[in-house]
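S.K.: Provided herewith is a single structure, encoded as structure tokens, for subsequent inquiry.
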Amino acid sequence: MDPIFSRIICLVICTLVSNSAFAQQRRPNVVILLADDLGSEDLGCYGGPVKTPVLDSLAERGVRFTDFHAGAAVCSPSRATLITGRQNLRTGIYGVLQDHWHNMHLLEREVTIAEVLQQAGYGTAHFGKWHIGMTSGKRKKPSPTEHGFDYWFGLSNGASPSHKNPVNFRRNGKPVGPLKGYSCQLVVDDAISWLETKANPDQPFFMNIWFNEPHSKLAAPDEIVSIYGDLKDEAAIYSATVDNTDRAIGRLVAKLKKTGQLNNTLIIYSSDHGSYRSDRNGGLNGNKGSNFQGGLRSPGIFFWPNGFRGGRVENTPSGSVDFLPTICGLAGIDKPNGVHLDGADLSPLLTEKGTFKRDQPLLWLSPASGHLATLRDGNYTLMGYRGYKLPSDQARKNELLRQMAKMAGIDPSTPNLGSQVTNTTFSSPEYNRLKGEFVRLRTFQEAWIPTIKAGGFSRFALYDLSTDPLQKKDISKQRPKVTERLKKQLLTLYKDVMADAPDWNLK
């Protein structure tokens with residue numbers, strides 16, 4: 001071969017390799033921060049009562065979404081949607097997961113954000129609450145390892161006995177034992193340690209940090225609680241857990257800044273659904289567990305100095321279902337091949353380049369709830385009500401609610417009483433026994449799945465959020481054409497999702 005030609009070939013190859021390495025270097029690190037049970041108006045930057053200077057700063061220097069939504073109105077379904085970009089029923093998660101009772105879990109066939117980034121050369125780690133399936137006794141389920149995480153430090157559900165000094169964390173599947181400190185700080189401690197010791201410090205990383213706070217059982221340092229009220233006041237303790245989490249996030253941000261990685265790190269912050277406290281959801285209709293806006297609306301903060309201009313507020317309806325396609329879009333990574341994603345790529349909104357397009361409306365399904373479905377298209381929200389009956393001992397549940405409310409000193413007329421009595425800090429052996437029975441009675445039963453799959457809707461309600469943000473007036477009769485158009489979209493999507501959803505009753 002001619003030596004000059006050989007040299008040209010060599011230079012071309014070197015250039016291609018160099019460009020590839022440069023592209024790899026330019027890809028952002030990714031950090032997802034997820035709160036548990038946080039309301040849409042808890043944070044300072046959303047007009048809330050909690051002092052959150054770190055998150056406020058990320059919002060001020062990033063893009064803050066004002067019409068952002070969780071993947072579902074309850075925990076496990078929301079997390080399944082977030083990590084896959086798919087409607088939760090497609091992924092195998094129908095309701096709040098109890099690993100010792102349920103066969104269901106996030107199906108191993110699902111492609112997660114971690115798997116996409118792992119295949120693109122990222123180091124991946126999960127920290128904190130998981131709640132989409134872990135082995136319990138004879139019920140074998142895939143762990144975060146099987147879902148794309150090189151390393152994980154977390155727990156299957158909540159921190160026990162509370163956020164203070166938890167005893168149920170695991171590291172890569174092995175129990176860690178009793179820990180000293182508060183769960184949000186312990187999670188960030190481990191995240192920082194992983195950053196410092198991971199095998200390849202030059203490798204881009206993905207950290208999935210799912211905090212337990214402010215879910216019950218509540219606990220926070222007295223010196224923080226006292227900022228918000230009496231040390232025994234539940235609202236003050238709740239606020240303090242959010243404040244403490246903000247301080248933990250501040251330590252992580254400081255570490256990224258010290259190591260020179262902050263500007264090329266995409267940080268995304270949200271909550272898994274609305275708060276169980278009706279005073280923290282901005283006056284919206286509904287709370288945690290509701291398919292009205294109060295149960296679905298959550299914060300949405302995106303920060304990446306090297307990637308897009310900050311200091312902006314974005315009003316486009318969006319949600320955590322959009323995380324996977326958005327991360328792919330921002331990092332220049334192909335979306336999973338052959339996988340139907342229910343979310344959309346928000347990168348045109350963030351980078352101000354190109355045109356944002358959502359191929360299908362936002363959709364939330366709660367098959368055991370009376371409000372079975374919510375579909376969002378522009379300013380319109382169509383709600384579909386369940387048309388099938390599920391076995392329920394409502395009389396016993398009502399009696400348990402009455403007894404628990406009396407014992408805990410909670411007004412029985414309090415809205416969303418079920419969430420109030422199960423999330424209170426009040427505790428006694430008898431109260432805990434009653435609460436355990438109540439939780440079992442309202443837990444999703446896999447035996448219901450055939451009824452759900454064969455069922456449908458009884459009626460529909462339409463709301464225009466531009467004129468009725470509190471969803472007080474059903475305008476389906478006044479807007480019949482809009483109602484029929486959205487109803488057709490909802491029924492088509494519902495049929496498609498149900499075809500994907502597995503029947504755990506047969507497994």
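S.K.: Rank-order 38-47, 418-427, 439-448 by packing density, defined as the average count of other C-beta atoms within 10 Å over each peptide's residues, highest first. Could the numbers behind the result be given before it?
M.R.: Details: 38-47: 24.1, 418-427: 18.6, 439-448: 15.9.
Put in order of decreasing packing, that is 38-47, 418-427, 439-448.
S.K.: Can you grab the distance from the C-alpha centre of the range 330-384 to the C-alpha centre of the range 184-207, Å, no decimals?
M.R.: 30 Å
S.K.: Follow-up question, since we're still on this one. What does the charge add up to near residue 339, with Lys and Arg as +1, Asp and Glu as -1, over the other residues with Cβ less than 13 Å from its Cβ? Walk me through the intermediate numbers first.
M.R.: Numbers: positive: 86, 90, 109, 335; negative: 110, 115, 334, 342, 500.
Once positives and negatives cancel, what remains is -1.
S.K.: Taking K and R as +1 and D and E as -1, what net charge do the other residues with C-beta under 15 Å from the C-beta of residue 110 add up to? Each step should come with its number before you reach the end.
M.R.: Details: positive: 79, 86, 90, 109, 141, 335; negative: 108, 115, 146, 342, 500.
So the environment of residue 110 carries a net charge of +1.
S.K.: Given the Cα-Cα distance of residue 441 and residue 413 and 0.36 nm per residue of separation, how much length would full extension add, in nm? The partial results should precede the final answer.
M.R.: Values: separation 28, 0.36 × 28 = 10.08 nm, distance 2.07 nm.
Stretched out fully, the residue 441 to residue 413 stretch lengthens by 8.0 nm.
S.K.: Hey, what's the Cα Rg ratio for the range 70-118 versus the globular rule of thumb, 2.2 N^0.38 Å? Kindly include the intermediate steps, with their values, before the conclusion.
M.R.: Details: Rg = 10.5 Å, N = 49, 2.2 N^0.38 = 9.7 Å.
This ratio for the range 70-118 stands at 1.09.
S.K.: If you count, for each residue, the other Cβ atoms within 10 Å and average over each peptide, how do 235-243, 151-159, 306-314, 170-178 line up from highest to lowest? Write out the running numbers ahead of the final one.
M.R.: Details: 235-243: 25.6, 151-159: 22.8, 306-314: 14.8, 170-178: 11.9.
Descending packing order for the listed peptides: 235-243, 151-159, 306-314, 170-178.
S.K.: Applying a 10 Å radius around every beta-carbon, put 342-354, 210-222 in order of their mean neighbour count, most first.
M.R.: Working: 342-354: 19.5, 210-222: 23.3.
So the peptides 342-354, 210-222, ranked by packing, come out 210-222, 342-354.
S.K.: Also, quick follow-up: Diagonalise the Cα gyration tensor of the range 136-268 and give the resulting equivalent ellipsoid semi-axes, square root of 5 times each eigenvalue, largest first, whole Å. Don't jump to the answer; show the numbers that get you there.
M.R.: Details: eigenvalues 141, 95, 25 Å².
Here the semi-axes work out to 27, 22, 11 Å.
S.K.: Another question, then. Considering amide H positions built from the backbone, and no H for Pro or chain starts, which residues 5 or more places from residue 87, or on another chain, come under 5 Å of its amide H?
M.R.: Placed amide hydrogens put 342 under 5 Å from residue 87.
S.K.: Work out Dmax and Rg for the range 25-135 from the C-alpha atoms and quote the Rg first, both in angstrom.
M.R.: Taking only Cα atoms of the range 25-135, I get Rg and Dmax of 16.0, 45 Å.
S.K.: Each label point is 7 Å from the Cα along the Cα-to-Cβ direction; what then is the distance between the points at residue 390 and residue 202, in nm?
M.R.: 5.3 nm
S.K.: To continue, here is another question. Can you tell me how much longer the chain between residue 230 and residue 140 gets when fully stretched, taken as 0.36 nm per residue apart minus their C-alpha distance, in nm with one decimal?
M.R.: 28.0 nm
S.K.: Run through every distinct alpha carbon pair of the range 394-444 and return the Kirkwood hydrodynamic radius in angstroms, one decimal place. Each step should come with its number before you reach the end.
M.R.: Working: mean 1/r = 0.0929 Å⁻¹.
That comes to 10.8 Å for the range 394-444.
S.K.: Using a Förster distance of 22 angstrom, determine the FRET efficiency expected from the C-beta separation of residue 180 and residue 255, and round it to 0.05. Intermediate values should be presented prior to the final figure.
M.R.: On the way: r = 21 Å, r/R0 = 0.94.
Step by step, r from the Cβ atoms, then E = 0.60.
S.K.: When all C-alpha to C-alpha distances in the chain are sorted into bins of 10 Å, what percent of pairs does each bin hold, rounded to whole numbers?
M.R.: Result, from short to long distances: 4, 19, 31, 27, 13, 4, 2, 1, 0, 0 percent.
S.K.: Ok, one more. With n ≥ 4 as the cut-off for DSSP H runs, can you work out [θ] at 222 nm for the chain, using -39500 (n - 2.57) per run divided by the number of residues, rounded to the nearest 500?
M.R.: Values: 16 runs with 182 residues, N = 507.
Value at 222 nm, helices only, nearest 500: -11000 deg cm²/dmol.
S.K.: Same structure again: What per residue convex hull volume, in Å³, comes out for the range 384-475 when only alpha-carbon positions are used? Show your work: numbers first, answer last.
M.R.: Working: hull volume 12.8 nm³, N = 92.
In the range 384-475, the Cα hull volume divided by residue count equals 139 Å³.
All of the numbers you see were taken from the coordinates with simple rules; none came from a lab. Computed from a predicted structure; not experimentally measured. For neighbour counting, all protein chains shown are included, and Cβ atoms are generated from backbone atoms with ideal geometry for every residue, glycine included.
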